[in-house]
2 protein chains.
Amino acid sequence: MKDPLAKLPGYALRRASVTMMDALSEGLKDLDLKFTESTALVLIGANPGIRQADLVEMLAIQRPNMVPLVARLEMHGWVERAAVDGRSFGLTLTPAGEALLNRVWVVVNDLEQRLISHVRTDQVEIFHKTLTAIWQNW
Amino acid sequence: MKDPLAKLPGYALRRASVTMMDALSEGLKDLDLKFTESTALVLIGANPGIRQADLVEMLAIQRPNMVPLVARLEMHGWVERAAVDGRSFGLTLTPAGEALLNRVWVVVNDLEQRLISHVRTDQVEIFHKTLTAIWQNW
DNA sequence: TATTGTTATACTCTATAACTATA
DNA sequence: TATAGTTATAGAGTATAACAATA
């Protein structure tokens, strides 16, 4: 059976991403987290007081989809919202949120290590830079 | 604003894939095709008489989702189904399907070239091999 | 008994339009 | 007038269970 798709780096990029995301979803399932929720936790943890609008921009998701996401993190007691001004909220992790974030990092680091295991050691940096250039300079 | 995600090759892989897929979807919109439909056309074109079950395996999609996909390609007169035995159909492109496939290749080749433009020339092959290893040997 | 294709359905993720309140 | 957050909703894309017909 011929497979012309095998010659296409773009197709490989897609398949690699899906494969990795499947594994990540599996790992996050134990934490009761979706992928985007985990990235939001990371950014809130690194930037206490960050606003929803900042998350929207950094994660490149739609504003309306941020609402139920943050609501769920707050509902579980992982994130707190404090009014910054009359229309925006600053987000911070609760102690429970910090603890959860630590577990997120375990899952993520395991995944990244597995990913990197398929990249020659001397190629890891350029591999990363190339992927970053693709989405940032497309 | 700190962004710990920027250090993660896996996150870059995801963002790169999404960015590229957005561009591909845009290109395929002119052809009235979805991404998976375009990959099915490629495989049918390269393997006349291929069965749905073969597509399902090669594209790693679910069998039930193949049904409306092939039905749409047939409905538009791009693909013909011929009974191979009592339970399976062999798929072939019609002349209209071949013409459409040529246009798919134009879109795909443009996209691949744009993708590759972000990869150093001497790195293209290893970049491709690395991505392939990730999804095939995960 | 395993395989092929099918039907019906559900779930997740993402996108759009329109609204309120505030800067 | 532009921005932040919200509401409601719609659309892809993908997944599962169960079935009929055939190998």
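The values are calculated or read from the model by the stated rules, or taken from the named source; none is laboratory data. Note that the coordinates shown come from a computational prediction; the quantities given were computed from them, not determined experimentally. A quick note on method: Cβ atoms are made from the backbone with ideal geometry, for glycine too, and the neighbour counts reach across all protein chains shown.
Observations on the structure shown:
- A:Leu33 outside any helix (DSSP H, G or I) and away from DNA strand D (no atom under 14 Å from the Cβ): yes
- Candidates B:Met20, B:Met1, filtered to the one that is within 8 Å of chain A (Cβ to nearest Cβ) and part of a loop (DSSP other than H, G, I, E, B): B:Met1
- Residue in region A:81-88 that is more than 15 Å from DNA strand C (Cβ to nearest atom) and either modelled with pLDDT of 95 or more or among the aromatic types (Phe, Trp, Tyr) (or both) present: no
- The residues listed here are B:Glu37, B:Glu57; of these, the one that is within 13 Å of DNA strand C (Cβ to nearest atom) and either among the charged types (D, E, K, R) or under 21 Å from B:Ala96 (Cα atoms) (or both) is B:Glu57.
- None of B:Glu57, B:Glu125 is at the interface with chain A (Cβ under 10 Å from one of its Cβ atoms), farther than 30 Å from A:Asp122 by Cα, at pLDDT 95 or above and surrounded by fewer than 13 Cβ atoms within 10 Å (Cβ to Cβ) except B:Glu57.
- Among the residues of region B:60-69, those that are surrounded by 15 or more Cβ atoms within 10 Å (Cβ to Cβ) and either in contact with a Leu (Cβ under 7 Å, 6 or more places away or on another chain) or within 14 Å of chain A (Cβ to nearest Cβ) (or both) comprise B:Ile61, B:Met66.
- Subset of region B:56-100 [in contact with a helix residue (DSSP H, G or I) (Cβ under 8 Å, 6 or more places away or on another chain), under 20 Å from A:Met1 (Cα atoms) and not in a helix (DSSP H, G or I)]: B:Ala60, B:Ile61, B:Gln62, B:Val79, B:Glu80, B:Arg81, B:Ser88, B:Phe89, B:Leu91, B:Thr92, B:Leu93
- All conditions but one from (1) under 30 Å from B:Met21 (Cα atoms); (2) surrounded by fewer than 19 Cβ atoms within 10 Å (Cβ to Cβ) apply to A:Val107; the one that does not is (2).
- For region A:75-91, the criterion of being closer than 30 Å to B:Gln136 by Cβ and within 13 Å of chain B (Cβ to nearest Cβ) is met by no residue.
- Checking A:Leu8, A:Leu41, A:Leu73 one by one, the residue that is at pLDDT 95 or above, within 13 Å of DNA strand D (Cβ to nearest atom) and either buried (at least 16 other Cβ atoms within 10 Å of the Cβ) or at positive phi (or both) is A:Leu73 and no other.
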